[in-house]
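Colleague: After the structure tokens below, expect a handful of questions from me.
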Amino acid sequence: MTYTEVKEISKQNERNRIGRDLHDTLMQGLAGVTMQLEGIKSLMASDKTERASEEIEKTISLSRTTLKEAREIVFDMRKDNSKNINLYDRLELLSKVFYENYGLSVRIKSTSDMRVSEDVYEEVSRIISESLTNVVRHSKTDVAIVKIDMDDQLRISIIDYGVGFNVENGKRKHKHFGLKSIQERVEQLEGKLLVKSHIGEGTEIQIQIPTKLRWQNDQ
């Protein structure tokens with residue numbers, strides 16, 4: 001549910017951005033052209049043809065500039081942005097949703113320019129969402145930390161300083177601790193999952209996933 005909410009907010013933010021871009025180019029550009037044409041009409045009515053000719057050239061230039069900017073917006077909308085998601089920004093949004101929905105304060109520790117593909121983000125977001133949901137359900141704390149970095153491995157750590165649990169008992173009660181689906185997702189990505197926890201000392205979930213080509217940053 002949290003993952004879906006973040007995805008919908010991201011889509012709405014993108015729609016708002018496109019709307020602003022269109023307003024700043026098409027609407028303002030067309031308003032400028034209209035004003036210039038009205039001025040030209042007035043000049044022509046006054047037989048000021050030389051001045052009107054100058055204004056026509058300005059109007060043509062403005063029209064071409066507006067058309068060029070509009071084309072760039074359309075191209076940006078249609079091009080493949082699948083490798084241009086800012087992971088840090090999306091995780092910040094995820095942390096905001098967890099705080100608003102569950103009162104869990106999530107601190108994101110990551111480089112701000114880490115960019116990944118859409119499929120990478122979806123998998124990472126689901127893994128982190130499920131891990132944070134476990135914190136909400138079981139840890140009895142209102143603070144969690146998410147650390148993430150990427151080179152030859154995508155490394156994720158979800159840390160809380162809550163009540164902790166016995167890891168061996170947790171493995172025998174996999175469904176109760178909500179680790180099974182996380183383990184399955186990590187395995188699908190050929191990664192490794194390590195859970196560290198002690199009663200009274202909190203929990204740390206460590207995940208390592210091979211980057212391969214599809215995980216690389218798009219600098």
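Colleague: Please verify whether VAL186 is modelled with pLDDT of 85 or more and either open to solvent by 60 Å² or more (accessible area, probe 1.4 Å) or hydrophobic (A, V, I, L, M, F, W, C) (or both), treating the condition exactly as stated. Steps first, answer last, please.
Modeller: Values: modelled with pLDDT of 85 or more: yes; either open to solvent by 60 Å² or more (accessible area, probe 1.4 Å) or hydrophobic (A, V, I, L, M, F, W, C) (or both): yes.
So VAL186 passes the test.
Colleague: For the stretch 50-88, enumerate the residues that are open to solvent by 90 Å² or more (accessible area, probe 1.4 Å) and either modelled with pLDDT under 85 or part of a strand (DSSP E or B) (or both).
Modeller: If the condition is that a residue be open to solvent by 90 Å² or more (accessible area, probe 1.4 Å) and either modelled with pLDDT under 85 or part of a strand (DSSP E or B) (or both), then ARG64, LYS68, ARG71, GLU72, PHE75, MET77, ARG78, ASP80, LYS83 are the ones that fit.
Colleague: Just for the stretch 202-219: of the residues that are at pLDDT 90 or above, of a type outside the set (Val, Ile, Thr) and over 14 Å from ASP149 (Cβ atoms), which one is most open to solvent (accessible area, probe 1.4 Å)?
Modeller: Quick first cut of the stretch 202-219, residues at pLDDT 90 or above only: 202-208.
Remaining after also requiring of a type outside the set (Val, Ile, Thr): 202, 204, 206, 208.
Filter once more, keeping what is over 14 Å from ASP149 (Cβ atoms): 202, 204.
Details: GLY202: 4, GLU204: 48 Å².
This residue is GLU204.
The values are calculated or read from the model by the stated rules, or taken from the named source; none is laboratory data. Keep in mind that what you see is a predicted model, and the values were worked out from it rather than measured. Counting neighbours? That spans all protein chains shown, and the Cβs are built from the backbone with ideal geometry, glycine included. Accessible surface areas use protein heavy atoms only, side chains included; no ligands, DNA or RNA. Shrake-Rupley method; radii C 1.70, N 1.55, O 1.52, S 1.80 Å.
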